[in-house]
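Here's the structure we're looking at; comments come further down.
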Amino acid sequence: MDIATAHAQPKTRVALTINGHRHDLEIHPWVTLLDLLRGPMQLNGTKKGCDHGQCGACTVLIDGERINSCLKLAVTLDGTNVTTIEGLGTPDEMHPVQKAFVEHDAYQCGYCTPGQICSAVALLREGYARSREEIREMMSGNLCRCGAYTNIADAIQDVMEQEVKVGMREAAE
Amino acid sequence: MRPFSYTRAETLGDAMAALAANPTARVLAGGTNLIDLMKYDVERPAAIVDINRLPLKEIEELPDGGLRIGALVSNAALAYHPAVTERYPLLASAILAGASPQLRNAATTGGNLLQRTRCYYFYDPSTPCNKREPGSGCGAIGGVNRIHAILGASEHCIATHPSDMCVALAALAAIVEVEGPDGRRDIPFADFHRLPGDHPERDNTMRQGEIITAVRLECNHFARHHSYLKLRDRLSYAFALVSVAAALDVKDGMIVDIRVALGGVAHKPWRDSLAEAEFAGQPATEETFAALADRLLAGAEGQGDNDFKIPMARKAIVRALKQAAAGTPQVQSDKRIR
């Protein structure tokens, strides 16, 4: 099938809430969530690394769960809530994980960072990782070719410990 | 990715009708393997049937103490479900040994069973592969075959099944429930995946138009003595070179029931229940485990690059059974093998 024929193929309706805004879209079924975000949605924070679910740079949250957006066809996500790095915080009002990444210098080139942060936010919400060892294991789906892993683990551990302190304070009150 | 037509099925009937209308259509669930293969131009479906809306996301308790896992239950939901962590910890452990948290959130139970091999030749359409293109030959035989099969291979294919979850399901003797044009049927796990033989293009024994609806687990006595030991080139997020799902039912130091399934070594999760049965009544000792390992690997054959897998599998079987007997299963976050 040539490109013109492909473009003439029928589109499918899909309603997605992206970072709190509802979008009613008509798209071709072969468009991945990643390409929808970076193309028509112009949300370029989410990065395309390997495009094969191996590097985690495209990690976003669907209904709060982290997934590789490169391996999801957007048409299969009708009715879901998508959160990208742009929906987590702003430069003036950063998400605690974003703040921790800045404080701990948890990046070098920054290309994997949006995926790392989305993944870390989900990891904290999941609540299965309790030790540094478990943080490292449960961040294994996010590669960093600069090798900032030590500082990434530091940043996540820092937020986790702050959350534990807040939880203990709230429990005491 | 090549263009394709798309059907969003609302019911199982919709999905089966869409498959009947187009025999070359492929079912899409989590997509973690199929979409990847479509990007590599290995899978080229003209039609996709999206089954994600089907009501197959429940984990049900069965009256006999077993569990019925809907085909669309995600790998993560299954691994962390209390009934699984308490009664089938071997399954939970095997799932957490595989892939990454992102992939486990998307990948489904049915899809895990249907994932294709990660043989490099299968993934590369510029090379011959009897599984991808029947009759074209096998690039791995006489080629680079470090990750390939040591058991049950054929002259046409030496690929391995890549799943961790399926290795545990084989050890637990799960039942696969499928539904198709001829109605529902149960497939015992041992009969679900095939050996390559003359038809490596067929991974399993499902018939045209069938869809996996659930995987059923029987009540079992392995919650105390089990271990999933996975050996791989890096400690996380890599496919197994060799993996072992070991489960024991022990009474007064003697084996009542012993299960060993191997991953990374054959075209299907490798299990020999006849060999296992011979070891019932024997003491749960290293000597017994070594004898069983020798028995399981008696027919093992290397392809050159993967010769190391034979001694590695032997040691892994013994170690996993020792871990199971001691009640100290391999921990999947702490990679140290004790």
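Quick look at the numbers
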{"quantity": "Sole exception among (1) under 20 Å from B:THR108 (Cβ atoms); (2) facing chain B (nearest Cβ under 9 Å); (3) open to solvent by 10 Å² or more (accessible area, probe 1.4 Å); (4) not charged (D, E, K, R) for A:HIS28, by number", "calculated": "(1)"}
{"quantity": "Hey, B:ILE35 out of contact with any Asp or Glu (no Cβ under 7 Å at 6 or more places or on another chain), closer than 26 Å to B:GLN102 by Cβ, within 8 Å of chain A (Cβ to nearest Cβ) and not acidic (Asp, Glu) or not", "calculated": "yes"}
{"quantity": "Any pair with Cβ under 6 angstrom, 6 or more apart, that starts in segment B:37-59 at a residue that is in contact (Cβ under 8 Å) with a residue 60 or more places away in the chain and more than 15 Å from B:ARG26 (Cβ to Cβ) and ends at one that is of a type outside the set (D, E, K, R) and in a loop (DSSP other than H, G, I, E, B)", "calculated": "B:LEU56/B:ALA71; B:LEU56/B:LEU72"}
{"quantity": "Long-range neighbours under 8 Å by Cβ, at least six apart or interchain, first residue hydroxyl-bearing (Ser, Thr, Tyr) within segment B:305-329, second surrounded by fewer than 18 Cβ atoms within 10 Å (Cβ to Cβ)", "calculated": "B:THR328/B:ARG338"}
{"quantity": "Complete set of residues in segment B:110-137 that are open to solvent by less than 40 Å² (accessible area, probe 1.4 Å) and over 22 Å from the mean Cα position of the chain (by Cα)", "calculated": "B:THR127, B:GLY137"}
{"quantity": "Count of segment A:1-25 residues which are part of a loop (DSSP other than H, G, I, E, B), facing chain B (nearest Cβ under 9 Å) and either open to solvent by less than 60 Å² (accessible area, probe 1.4 Å) or touching a Phe, Trp or Tyr at 6+ places or on another chain (Cβ under 7 Å) (or both)", "calculated": "1"}
{"quantity": "Identity of the residue in segment A:81-124, small (Gly, Ala, Ser) and surrounded by fewer than 19 Cβ atoms within 10 Å (Cβ to Cβ), that ends up farthest from the chain's Cα centre (by Cα)", "calculated": "A:GLY110"}
{"quantity": "Single residue of B:LEU90, B:LEU103 found to be away from chain A (no Cβ under 14 Å), touching a residue at least 12 places away in the same chain (Cβ under 8 Å) and either closer than 30 Å to B:ALA223 by Cβ or open to solvent by 20 Å² or more (accessible area, probe 1.4 Å) (or both)", "calculated": "B:LEU90"}
{"quantity": "Single unsatisfied condition, A:THR76 versus (1) farther than 30 Å from B:TYR6 by Cβ; (2) among the polar types (S, T, N, Q); (3) within 14 Å of chain B (Cβ to nearest Cβ)", "calculated": "(1)"}
{"quantity": "Residue that is open to solvent by 50 Å² or more (accessible area, probe 1.4 Å) and out of contact with any helix residue (DSSP H, G or I) (no Cβ under 8 Å at 6 or more places or on another chain), where the choices are B:ALA316, B:ALA266, B:ALA291, B:ALA298", "calculated": "B:ALA298"}
{"quantity": "Filter result for A:ASP78 (in contact (Cβ under 8 Å) with a residue 24 or more places away in the chain and farther than 25 Å from A:ASP154 by Cα)", "calculated": "yes"}
{"quantity": "Spans of helices (runs of 4 or more DSSP H) in segment B:64-110 with at least 1 residues over 17 Å from B:ALA171 (Cα atoms) and in contact with a Leu (Cβ under 9 Å, 6 or more places away or on another chain)", "calculated": "B:75-79, B:82-87, B:101-106"}
{"quantity": "Where a residue in segment A:25-43 is in the same structural domain as A:THR84 (by TED's automatic domain parsing) and its partner, wherever it lies, is surrounded by fewer than 21 Cβ atoms within 10 Å (Cβ to Cβ) and among the acidic types (Asp, Glu), with Cβ under 7 Å and at least six apart", "calculated": "A:LEU43/A:GLU86"}
{"quantity": "Selection count where residues are within 16 Å of the chain's Cα centre (by Cα) and open to solvent by 40 Å² or more (accessible area, probe 1.4 Å), scope segment B:233-258", "calculated": "1"}
{"quantity": "The lone exception for A:GLY49 - which of (1) buried (at least 18 other Cβ atoms within 10 Å of the Cβ); (2) part of a loop (DSSP other than H, G, I, E, B); (3) on the phi < 0 side of the Ramachandran plot; (4) within 9 Å of chain B (Cβ to nearest Cβ) it fails", "calculated": "(4)"}
{"quantity": "Matching residues, segment A:138-152, being crowded, with 17+ Cβ neighbours inside 10 Å, within 13 Å of chain B (Cβ to nearest Cβ) and assigned to a helix (DSSP H, G or I)", "calculated": "A:MET138"}
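Each row is one residue, and each column tells you yes or no for (1) more than 25 Å from A:CYS50 (Cα to Cα); (2) in contact with a His (Cβ under 9 Å, 6 or more places away or on another chain); (3) within 12 Å of chain B (Cβ to nearest Cβ); (4) not in a loop (DSSP other than H, G, I, E, B).
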position	(1), (2), (3), (4)
A:PHE101	no, no, no, yes
A:ALA106	no, no, no, no
A:GLY110	no, no, no, no
A:CYS118	no, no, yes, yes
A:ARG130	yes, no, yes, no
A:GLU133	yes, no, yes, yes
A:ARG136	no, no, yes, yes
A:VAL164	yes, no, no, yes
A:GLY167	yes, no, no, yes
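Rundown of residues vs (1) within 14 Å of chain A (Cβ to nearest Cβ); (2) surrounded by fewer than 22 Cβ atoms within 10 Å (Cβ to Cβ), yes/no style:
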position	(1), (2)
B:ALA15	yes, no
B:THR24	no, yes
B:ASP41	yes, yes
B:ARG53	yes, yes
B:LYS57	yes, yes
B:LEU62	no, yes
B:TYR80	yes, yes
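The values are calculated or read from the model by the stated rules, or taken from the named source; none is laboratory data. These numbers were taken from a predicted model, which means no experiment stands behind them. Glycine also receives a Cβ, built like all others from the backbone with ideal geometry; neighbour counts cover every protein chain displayed. We work out accessible area using only protein heavy atoms, side chains counted, and drop any ligands, DNA or RNA first. Shrake-Rupley method; radii C 1.70, N 1.55, O 1.52, S 1.80 Å.
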